[in-house]
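Single-structure report; data block below.
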Amino acid sequence: MNWDILFNMQKQLDSYIEENHNLQDRDLFQDKYLALLVELGELANETRCFKFWSNKSRSSLDVILEEYVDGIHFILSLGIVKGHTFTLVNLGSTELTETELFNKVFEHCVVFKNNPNQENYTRLFESYLVLGRKLGFKEEDVYQAYIKKNEVNYQRQNSGY
């Protein structure tokens, strides 16, 4: 996937939101970091992978994909704030469970927050993509869902969300 396209789309959306809410002079890193953690939690909740005490089924793949793409938005946005980019090399495969992968992403989030350099950003991004692959998403699924959600985000901004 050409991540530059999504970075550019995200940069435009971020600028639009910052202008509409008069946030151009505000450092939003902490807010976007917390938003990513919240989205990651919402994603985990939809998969129900950690809910060993419940027999309720996980949400549909469409719902899980939409939550996953919310996380992509904030990962891209955090990279933009810190001036980072992302180029996928090769993810490989994993034997980790969904729960273990969620925990790994959370760990990479904390490491990136405490030391927001390019290397830690790449690790965070890659761990999130490995999670997405484990959840059953192909690159094209993620790309199309991102495009769709980006449009929704603009609509929300234009309707006073």
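Side notes on the structure shown:
- Gly92 fulfils the conditions (1) farther than 23 Å from Asn2 by Cβ; (2) assigned to a loop (DSSP other than H, G, I, E, B); (3) of a type in the set (Gly, Ala, Ser) except for a single criterion, (1).
- Just one residue in the set Ile72, Ile80, Ile64 is over 22 Å from Asp141 (Cβ atoms) and either touching a residue at least 24 places away in the same chain (Cβ under 8 Å) or among the aromatic types (Phe, Trp, Tyr) (or both); that residue is Ile80.
- Selection count, the range 95-123, where residues are in a loop (DSSP other than H, G, I, E, B) and aliphatic (A, V, I, L, M): 1
- Qualifying position, being more than 11 Å from the chain's Cα centre (by Cα), under 21 Å from Asn120 (Cβ atoms) and loosely packed, with under 12 Cβ neighbours inside 10 Å, among Asp14, Asp27, Asp62: Asp27
- Qualifying residues in the range 31-43 (those that are touching a residue at least 60 places away in the same chain (Cβ under 8 Å) and within 15 Å of Gly79 (Cβ to Cβ)) - the one surrounded by the most Cβ atoms within 10 Å (Cβ to Cβ): Leu36
- In the range 84-109, the residues that are β-branched (Val, Ile, Thr) and buried (at least 19 other Cβ atoms within 10 Å of the Cβ): Val105
Each reported figure results from applying straightforward, stated rules to the coordinates on display, with no laboratory input. Every value quoted in this text rests on a predicted model; they were computed, and no experiment measured them. All Cβ positions, even for glycine, are placed from backbone atoms using ideal geometry, and neighbour counts span all protein chains on display.
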